[in-house]
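**Q** Mind looking over this structure? Questions follow.
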């Protein structure tokens, strides 16, 4: 009588090396799911090398020796992936009462808002590392790691009280040094354009750029050993022909919690990427874009840039906030923030209009009173 062999018995007869060879071919999400399939997969999936390969395929900057050491020091590649693969989702935007904010802004003193540094805050520009990767149609076009916050050391008072900004990449038309430049061309998948006049009409290059570009901006705090991806991965918006016909601006970002840090309770992490058309000759076959800026800023609900001191506190808080693997949830969080921000601006404009009318009426009444007594 023939005996049947169950799938479990078949798997048990396979070597762990074969299991490892299977698992190392998976992406992070599939590897995490496979770990739940059986005890053998669960055991092997704990291997750090597997997660190191996953991180390297998703974020090529993690291949750097200094970044590898950093990731090992904050808990390893498996933890790093679990922290940085989900996107930040801030569902507390609606919990803030904007009418109270408009009516009682004086509850926050200038010192609290712009503030003196409290040593108990225990946060420093040197605590942060940025790990940044840019992709176009699954091809990596830039990978960088930035240790600390540029221009923050040696002039802390200036940094803490001025608008926070991190320039990972800047370029001007006067730059003669092409070393380290980031470009995209037809060979990378860009559609050829024969002239900027044609691009103004059909916008094909702009659409392909927006659809294909991806940004990951991971921030690590070395002191508290936490990390998070501040980018929306896909663009949230942009501006075609900014500020000239040759320039494209693409915006990424996320909504970060700022409760007990700023009166608006939430701020926008604004990640801007700019490209410029530098070559279109040859029937479009040599169409080339050059990245001219890649930067990070934090903006509050009124559109003002957050200063250095508060930005460091917000970044530290963001590393432990809620996240989701569902991109639509992250997008919804950003859209909700924009909606509330627009409502706030409209309410402020209405209030200012009322005040203007009151000032005009007060002026008319004062003039009438003057002429009444004068005559």
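**Q** Full extension from residue 92 to residue 211: what is 0.36 nm times the residue separation minus their Cα-Cα distance, to one decimal in nm? Don't skip to the end; give the middle numbers.
**A** Values: separation 119, 0.36 × 119 = 42.84 nm, distance 2.93 nm.
Full extension of this stretch gives 39.9 nm more.
**Q** Now, a different point. Where does each of 232-243, 28-39 land if you order them by average Cβ count within 10 Å, highest first?
**A** 232-243, 28-39
**Q** Using the Kirkwood formula over every pair of different C-alpha atoms, what hydrodynamic radius in Å results for region 13-85?
**A** After inverting the mean inverse Cα-Cα distance, the result is 12.5 Å.
**Q** Another question about this same structure. If the chain between residue 194 and residue 18 were fully stretched, how many nm would it gain, using 0.36 nm times the residue separation less the Cα-Cα distance?
**A** Value of the extension gain: 58.1 nm.
**Q** Quick one: length gained pulling residue 25 to residue 47 fully straight, 0.36 nm per residue minus the C-alpha distance? Don't skip to the end; give the middle numbers.
**A** Details: separation 22, 0.36 × 22 = 7.92 nm, distance 1.35 nm.
Extending this stretch completely gives an extra 6.6 nm.
**Q** Computed FRET efficiency, Cβ-Cβ of residue 40 and residue 327, R0 30 Å: what is it to the nearest 0.05?
**A** With R0 = 30 Å, the Cβ-Cβ based efficiency is 0.40.
**Q** Something else now. Quickly work out the residue 345-to-residue 201 label distance, labels modelled 7 Å from Cα along the C-beta direction, and quote it in nm with one decimal.
**A** 3.3 nm
**Q** Shifting gears a bit: Once you have the Kirkwood Rh of region 226-311 from its Cα pairs, apply Stokes-Einstein at 20 °C and 1.002 mPa s and quote D in µm²/s. Walk me through the numbers on the way to the answer.
**A** Working: Rh = 14.7 Å.
Roughly 145 µm²/s, to the nearest whole number.
**Q** How do 80, 41, 85 rank when sorted from fewest to most other Cβ atoms within 10 Å of their own Cβ?
**A** Least crowded to most crowded, the residues run 41, 85, 80.
Read-outs: derived from the displayed coordinates by stated rules, not from any lab. No experiment lies behind these values; they were computed from the predicted model shown. Glycine gets a Cβ as well: all are built from the backbone with ideal geometry, and neighbour counts include every protein chain shown.
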